[in-house]
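Some notes on the structure that comes next.
Just so it is clear, none of the values below were taken in a lab; they were calculated from the coordinates. Given the structure is predicted, the values throughout are model-derived calculations rather than measurements. Here Cβ is always computed from backbone atoms with ideal geometry, including for glycine, and neighbour counts include all displayed protein chains.
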């Protein structure tokens, strides 16, 4: 099926429940856990493992191997590592100073356990993937254990999803900072090739949180409100997917804007199963179906063009960030991404700099009607040719149509700047990027225009 299964593993703490958990399971307080205050999480009340105990190590390490042998899972998402890595459970101010990661609050036994876990997993199961969730962003998370690191394959940049949540809940649309958005999404450039991003993570979809769809569509009753919700939902996902890191995760249902949170049966909801599900019937019609159509085509950027592997050191070339116009633009290989987050201002001919001369064709447009958009960009505008004018510190310029709250992905057909009549780099229809073959309202006009322009009027589709 082409699926990978990752288990959200919680070895950073354990339930305090004495009936079904390990707490006091043999009548003692410190069999698997620290005694006294250190044995309880400062804020959650959960039990904290005693990682220096051999029996605890045997239990946790064998548990990891059991999941792989029994269920053939493909990887582990190590949950809330900051809870176990520090005796203050990660509830401290972190500015990036190395002393914050190397002081008396560090639990050395917990660090040694994580090193052992990664070493054993990667030796016994070379294809296994380990992902670290650590809000403190410990510098050695993904460094090899042979070099003093913890040995994880990827780490999660949780700041991205938290920033989106903050923008949606607390900041008026006109006051969104493009500079802050970009700096948060790209994270630490030195470790970008190991960074994994969520647009919204699982914490925002479980009891006590709200999914982006709940925020965007919860009170939207007008067509304008639904259009705003659909537009931002697509733009948030597209920029998060393409601007930072080489890995991306999605919590089940978020891809089509599932309107409800996940809430498991518990005493507070009278053990109800009403929210312990995903409503797949929403995909049959309406804007949920259109959001899902967009998400599938967005995924093709990586499936068929390996978009996340393009760019230097795992990052794109970000050359245009304007807080006034609320426009962001960047390049990943031959793909140019342009975002206009302004809620009202549309731009008929917005200047964007590019390094290579040639023709740039839209291959993904958030505003297409099949994605729940308005279709404001006409078919004759889907192909744009560069102008020889320095812009954004680059040699050439594109004048692109940019409706408000929309984003476009352009594919560049690079030409030699010395050739007056460049030949077409596509010698046949099959050589066109895969996106030209998808059903879209402008695809036929776009491909026809490219061929007529490049090959002459006698070359017809």
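With the crude spin-label approximation of a point 7 Å out along Cα→Cβ, what separation in nm comes out for residue 385 versus residue 44?
6.0 nm
With no solvent and one equal point scatterer placed on each C-alpha of the chain, evaluate the Debye formula and give log10 I(q)/I(0) for q = 0.07 Å⁻¹, two decimals.
Debye intensities relative to I(0), on a log10 scale: -0.43.
Helix 158-170: angle to the longest alpha-carbon principal axis of the chain, degrees 0 to 90, nearest 10?
The angle comes out at about 70 degrees.
Rounded if a/c is under 1.5, else prolate if a/b is larger than b/c, else oblate: which is the range 189-270, with a ≥ b ≥ c the root eigenvalues of its Cα gyration tensor?
Here the range 189-270 falls in the oblate category.
Quick check: from the Cα gyration tensor, does the range 1-128 come out rounded (a/c under 1.5), prolate or oblate?
Verdict is oblate for the range 1-128.
Order of 67, 280, 176 from fewest to most other C-beta atoms within 10 Å?
So the residues, fewest neighbours to most, are 280, 67, 176.
If I take every Cα pair under 8 Å that is 6 or more residues apart in the range 317-422, average their sequence separation and divide by the length, what percent do I get for the relative contact order?
Averaging sequence separation for qualifying contacts and normalising by length gives 36 percent for the range 317-422.
Enter the angle in degrees (range 0 to 90, nearest 10) between the Cα long axis of helix 286-303 and the first principal axis of the Cα atoms of the chain, meaning the one along which they spread out most.
90 degrees
What does DSSP give for the range 6-309 in terms of the percent of beta bridges that are antiparallel, rounded to the nearest 5?
The antiparallel proportion sits near 20 percent.
Work out, step by step, the length gained on full extension between residue 264 and residue 146: first 0.36 nm times the residue separation, then minus their alpha carbon distance; give nm to one decimal.
Fully extending the segment from residue 264 to residue 146 adds 38.4 nm.
Can you pull the one-decimal nm distance between simple spin-label points at residue 92 and residue 369, each 7 Å off the Cα toward Cβ?
5.9 nm
Using bins 10 angstrom wide from zero, how does P(r) for the range 317-422 break down, in % of all Cα pairs?
15, 50, 29, 6, 0
So if we plug the beta-carbon distance of residue 102 and residue 7 into 1/(1 + (r/R0)^6) with R0 = 41 Å, what FRET efficiency do we get, rounded to 0.05?
The formula returns an efficiency of 0.85 here.
Once a ≥ b ≥ c are taken as the square roots of the eigenvalues of the Cα gyration tensor of the range 124-185, is the result rounded (a/c under 1.5), prolate (a/b larger than b/c) or oblate (a/b not larger than b/c)?
Prolate.
Calculate, in nm to one decimal, what residue 324 and residue 65 gain on full extension: separation in residues at 0.36 nm each, minus their alpha carbon distance.
Here the answer is 88.0 nm.
Round to the nearest 10 and give me the degree value, 0 to 90, for the angle of helix 223-243's Cα axis relative to the longest principal axis of the chain.
80 degrees
Which order, highest average first, do 392-404, 152-164 follow once you tally other Cβ atoms within 10 Å for each residue and take the mean per peptide?
152-164, 392-404
Would you mind putting 372-379, 338-345, 94-101 in packing order, based on average other-beta-carbon counts within 10 Å, highest first?
338-345, 372-379, 94-101
Taking the alpha carbon gyration tensor of the range 208-314, what are the square roots of 5 times its eigenvalues, largest first, to the nearest whole Å?
Semi-axes, largest first: 28, 18, 13 Å.
Thinking of the range 60-110 as a set of Cα atoms, what percent of all their pairs are more than 16 Å apart?
Cα-Cα pairs in the range 60-110 separated by more than 16 Å: 54 percent.
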